[in-house]
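Following: one structure in structure tokens, then a few remarks.
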Amino acid sequence: MTRFCSLGVFLFGLLLNGHLGADSLKTQIAVSHGWSPAAPPNMSMHAGYFVLHNQTSRAVELLSVSSPAYESIEIHESQIIDGIAGMSQLPSLSIEPDQKVVFKSGGLHLMMRNPGSKKRVGDSFAVQLQFSDGALVDLEMKVSKYSPLQADAPKSDMHHHHHKM
Ligand SMILES: [Cu+2]
């Protein structure tokens, strides 16, 4: 993203929600390392991962996630119950003050349904996180084979995402 582009987004953001409380909160919920594992073209459901750090002095609650690139996005958590891998949808996610939450394979993840276009390695798209006090936080997701958290250690951890309905 270029300098000019960031400024544009910043000004646009001020215009849309110049609400001071939400805006000051926004700068203190840090999101990073957004990525989505490259998936076969016939898959209509993709996983999304990122790191969220609540740098405010109070608990925040992530209510929903949306993107122009997908029809819908849910917050999921993978679990192994009686030796069987499954996942459940979370209605929201509370993050304590100074808590860092890592969305990753086998744990918390975004379940993104019906991409508007094919996603290839190197593509990126925007998602928006909405919090309970109205704060909106934007995050860039990169389509990649590997997590940016282990970029130097490529290993065959291609995540097979079995979805239990
Ligand atoms: Cu899922």
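Since every read-out is calculated from the coordinates, none of them should be taken as a lab result. Please read all numbers here as calculations on a predicted model, not as lab measurements. Glycine gets a Cβ as well: all are built from the backbone with ideal geometry, and neighbour counts include every protein chain shown.
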Query - Environment charge at Gly122 (Cβ cut-off 11 Å; Lys +1, Arg +1, Asp -1, Glu -1) - result: +3
Query raised in the report: Near the amide H of Ser64, under 5 Å away, which other amide H atoms are found, from residues 5 or more places off or on another chain, if H is placed in the peptide plane?
Result: Gln130
Query - Karplus-derived HN-Hα couplings along region 36-42 (A = 6.51, B = -1.76, C = 1.60, θ = phi - 60°), whole Hz, x at Gly and Pro - result: 9, x, 4, 10, x, x, 7
Query raised in the report: What residue among Ser64, Gln130, Pro37 has its Cα farthest toward the positive end of the dipole of region 20-147, where the charges are +1 on Lys, Arg and -1 on Asp, Glu, each on the Cβ?
Result: Pro37
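Quick one: work out Rg over Rh on the C-alpha atoms of region 20-147, Rh as Kirkwood radius. Write out the running numbers ahead of the final one.
Working: Rg = 14.6 Å, Rh = 15.1 Å.
Checking Rg against Rh, the ratio lands at 0.97.
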Requested in this report: Go ahead and run the numbers for FRET between Asp123 and Ser57, Cβ-Cβ distance against an R0 of 35 Å, rounding to 0.05.
Outcome: 0.45
